[in-house]
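The values are calculated or read from the model by the stated rules, or taken from the named source; none is laboratory data. Only a predicted model underlies this, so the values are computations on that prediction, with no experimental measurement involved. In this analysis, Cβ positions are derived from the backbone assuming ideal geometry, glycine residues included, and neighbour counts consider all displayed protein chains. Quick note on the areas: whole protein, heavy atoms, side chains included, nothing else; ligands and nucleic acids left out. Shrake-Rupley method; radii C 1.70, N 1.55, O 1.52, S 1.80 Å.
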Amino acid sequence: MAKSWAKFPYADKKYVYTAATLKKAWDRLHRGDAEPMPKDEAAVEAWIAFHAGEFQKAHELGLKAGAAGITVANKAQAIYANYLEESDSAKLKHFQEVAERAQEQQAKEPKNANAFYWEAYALGRYAQGISIAKALAQGVGAKVKAALDTTVKLAPKHADANIALGSYHAEIIDKVGGMIGGLTYGAKKETGLKHYETALKLNPDSAIARIEYANGLVMLEGKKALSKAEKLYAEAAECEPHDAMERLDVELAKAELED
């Protein structure tokens, strides 16, 4: 893995928070992951770096902060890998590290919702990287579903976990079909769509909720969903980003509309 991570390409002063301004903005910034603001000052500094797009710094500061910083370290590494890492092999390694660290976190903090969410996120992205079919054969799908179910049980207002659950159902039905997907993996079209809708209700300003909902609709309904999917992408492109991660989501939507 490269020692120096690629830089966030849209640096902006409005994404740079202080401890005081971060506290005021916290609820809005974390409507997606339902993460409580840490009391630990070192962990707060790691989150400040994360929101500014300094993902490697956030990761390193998070690890140095100990238990209080594991979630921000995981989130920084996972988001970096998903959006900015260009090497496929390095990307997979990042996701494996996040999943392993999250599993260790679960053992120590069994009621920490994001310990389960970041395992699910990392394994889900890892699965997409090696192919969903191969990942299902390795039992990754069951691990993702179990971790996401635990996340929403611990944090019912976790919008991002609902997005991921929607994508779980959509990806499986898309890859193995509705009948096998339902019988073998418990994947259902109606359940997937309901999770996307729940995510948007919980986090109505989310660009990524719209992007993933659009992708899921196309997987579940094919060509007849294209117009609604395009509308969702257009809405995502118009969302106002409040930090680096949200900016990456908006730029993703813009790029998709240009293709």
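Need one word for the stretch 100-259: rounded, prolate or oblate. Basis is the Cα gyration tensor (sqrt eigenvalues a ≥ b ≥ c); a/c below 1.5 gives rounded, then a/b vs b/c decides. In terms of gyration-tensor shape, oblate.
A Förster distance of 35 Å, applied to the separation of the beta-carbon atoms of Asp259 and Asp12, puts the FRET efficiency at 0.90. Could you name the aspartates and glutamates whose alpha carbon sits less than 14 Å from that of Lys231, not counting residues in the same chain fewer than 8 places away? Partners found: Glu212, Glu256, Glu258.
What FRET efficiency, computed as 1/(1 + (r/R0)^6) with R0 = 22 Å and r the Cβ-Cβ distance, is obtained for Ala133 and Lys93, rounded to the nearest 0.05? The partial results should precede the final answer.
Values: r = 21 Å, r/R0 = 0.97.
Computed FRET efficiency for Ala133 and Lys93 comes out at 0.55.
Could you tell me whether the stretch 197-259 comes out rounded, prolate or oblate from its Cα gyration tensor? Rule is a ≥ b ≥ c as square roots of the eigenvalues, rounded for a/c under 1.5, then prolate if a/b exceeds b/c, otherwise oblate. Taking the square roots of the gyration eigenvalues as a ≥ b ≥ c, the stretch 197-259 is oblate. Computed about the Cα centre, the dipole magnitude for the stretch 71-125 is approximately 160 debye when only Lys and Arg (+1) and Asp and Glu (-1) carry charge, each at its Cβ.
Scalar couplings 3J(HN,Hα) for the stretch 78-88, obtained by applying the Karplus form with A = 6.51, B = -1.76, C = 1.60 to θ = phi - 60°, are 5, 5, 4, 4, 5, 9, 10, 6, 8, 7, 4 Hz; x denotes Gly and Pro.
In whole percent, what relative contact order does the chain give with Cα contacts below 8 Å and a gap of six or more residues? Please list the in-between numbers first.
Details: 399 pairs, mean separation 41.6, N = 259.
Result for the chain is 16 percent.
Sort the stretch 65-173 into rounded, prolate or oblate with this rule: let a ≥ b ≥ c be the square roots of the eigenvalues of the Cα gyration tensor; rounded if a/c is under 1.5, and if a/c is not under 1.5, prolate when a/b is larger than b/c, oblate otherwise. Oblate, because a/c is 1.5 or more while a/b does not exceed b/c. A Gaussian network model of the chain, with springs between Cα atoms under 10 Å, assigns the largest mean-square fluctuation among Gly222, Gly166, Gly124 to Gly222.
Convex hull over the Cα atoms of the stretch 2-91, averaged projected area in nm²?
Working: hull surface 23.4 nm².
Taking the Cα atoms of the stretch 2-91, their convex hull projects to 5.9 nm² on average.
Give Lys7/Lys64; Lys91/Lys201; Lys93/Lys223; Lys157/Lys228; Lys134/Lys157; Lys7/Lys108 a once-over and call out the pairs whose C-alpha atoms are over 29 Å from each other. Could the numbers behind the result be given before it?
Working: Lys7/Lys64 21 Å; Lys91/Lys201 31 Å; Lys93/Lys223 35 Å; Lys157/Lys228 25 Å; Lys134/Lys157 31 Å; Lys7/Lys108 32 Å.
Beyond 29 Å: Lys91/Lys201; Lys93/Lys223; Lys134/Lys157; Lys7/Lys108.
Within the straight-line cut-off of under 14 Å between alpha carbons, the aspartates and glutamates reachable from Lys175 are Glu221, sequence neighbours fewer than 8 places apart in one chain being disregarded.
If you count, for each residue, the other Cβ atoms within 10 Å and average over each peptide, how do 236-244, 91-99 line up from highest to lowest? Write down the numbers at each step before the final one.
Numbers: 236-244: 18.7, 91-99: 20.4.
Taking the mean over residues of other Cβ atoms within 10 Å, the ranking is 91-99, 236-244.
Working from Cα pairs under 8 Å separated by at least six residues, relative contact order for the stretch 50-95 is 29 percent.
Accessible area per residue, 1.4 Å probe, Å², for the stretch 1-62: what's the number?
Working: 3580 Å² over 62 residues.
Normalised by residue count, the accessible surface of the stretch 1-62 is 58 Å².
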